[in-house]
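Peer 1: The structure follows.
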Amino acid sequence: MDDSRPIFQQVADRISSDILAGTYGEEDQVPSTNEIALFHRINPATAGKGVNTLVTRGILYKRRGIGMFVATGARRILLEERQAQFVRDYVDPLVAEARAIGFTAEDALRVVGRRLGAATAAGEPRKEQS
C-alpha cells in the first residue's frame with residue numbers, strides 16, 4: 001500500500017489486476033475482507049469498501065454465507081475499462097501533442113510502430129488480446 005491513493009481503491013485495483021493476470025478466474029473465490037485486512041494490516045471496513053467497489057461495478061458478487069466470487073465476464077469488463085483509460089490517459093494526449101507539432105497520422109503511427117517493434121525485439125512480453 002502507498003499513500004498516493006485511498007487504501008480502499010488500492011485494494012480494488014489489486015484484485016482487479018489479479019483478475020486480469022489470471023490469478024482469479026471467473027467464478028473463483030477471492031480472499032475475504034478479513035483476509036485482505038489482515039494481509040495488508042488495514043481496517044476490515046476499508047478492505048470491505050474496496051471489495052464493494054468491485055461488486056458495484058459487476059466484477060465481484062457475493063454468495064451469502066460463502067464469500068465473494070469473480071463474476072462471469074469480469075475480465076472482459078476490466079479490459080474494456082483499462083483500454084478506455086489507456087485512450088484517455090495516453091492516446092488522447094499523444095494525439096493532441098502530435099497535432100501541436102505538426103505530425104500527420106502516418107508520422108505518429110510510424111513512430112509508435114517503431115517503438116513497439118523495438119520493445120518486442122528487446123524481448124518485452126507481448127500482451128495477449130482477448
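Peer 1: Tally the residues that are in contact (Cβ under 8 Å) with a residue 40 or more places away in the chain, open to solvent by less than 80 Å² (accessible area, probe 1.4 Å) and over 18 Å from D13 (Cβ atoms), restricting the search to the range 61-113.
Peer 2: At the first step, the residues of the range 61-113 found to be in contact (Cβ under 8 Å) with a residue 40 or more places away in the chain are 69-76, 78-79, 82.
Next cut, open to solvent by less than 80 Å² (accessible area, probe 1.4 Å) only: 69-71, 73-74, 78-79.
Narrowing further to those that are over 18 Å from D13 (Cβ atoms): 69, 73.
Within the range 61-113, residues that are in contact (Cβ under 8 Å) with a residue 40 or more places away in the chain, open to solvent by less than 80 Å² (accessible area, probe 1.4 Å) and over 18 Å from D13 (Cβ atoms) number 2.
Peer 1: So the check is Cβ under 7 Å with 6+ separation or different chains; which pairs have a first residue in the range 1-22 that's touching a residue at least 60 places away in the same chain (Cβ under 8 Å) and on the phi < 0 side of the Ramachandran plot and a second one that's part of a helix (DSSP H, G or I) and open to solvent by 60 Å² or more (accessible area, probe 1.4 Å)?
Peer 2: Cβ pairs passing all conditions: L20/R75.
Peer 1: Going by the structure shown, is V55 touching a His at 6+ places or on another chain (Cβ under 8 Å), at pLDDT 95 or above and assigned to a helix (DSSP H, G or I)? So that I can check it myself, show each step before the final result.
Peer 2: Numbers: touching a His at 6+ places or on another chain (Cβ under 8 Å): no; at pLDDT 95 or above: yes; assigned to a helix (DSSP H, G or I): yes.
Judged against the criteria, V55 is not a match.
Peer 1: Going residue by residue through the range 57-78, is there one that turns out to be over 23 Å from the mean Cα position of the chain (by Cα) and not charged (D, E, K, R)?
Peer 2: Within the range 57-78, one or more residues are over 23 Å from the mean Cα position of the chain (by Cα) and not charged (D, E, K, R).
The values are calculated or read from the model by the stated rules, or taken from the named source; none is laboratory data. Small disclaimer: the values here were computed from a predicted structure and weren't measured. Virtual Cβ from ideal backbone geometry, glycine too; neighbours counted across all protein chains shown. Accessible surface areas use protein heavy atoms only, side chains included; no ligands, DNA or RNA. Shrake-Rupley method; radii C 1.70, N 1.55, O 1.52, S 1.80 Å.
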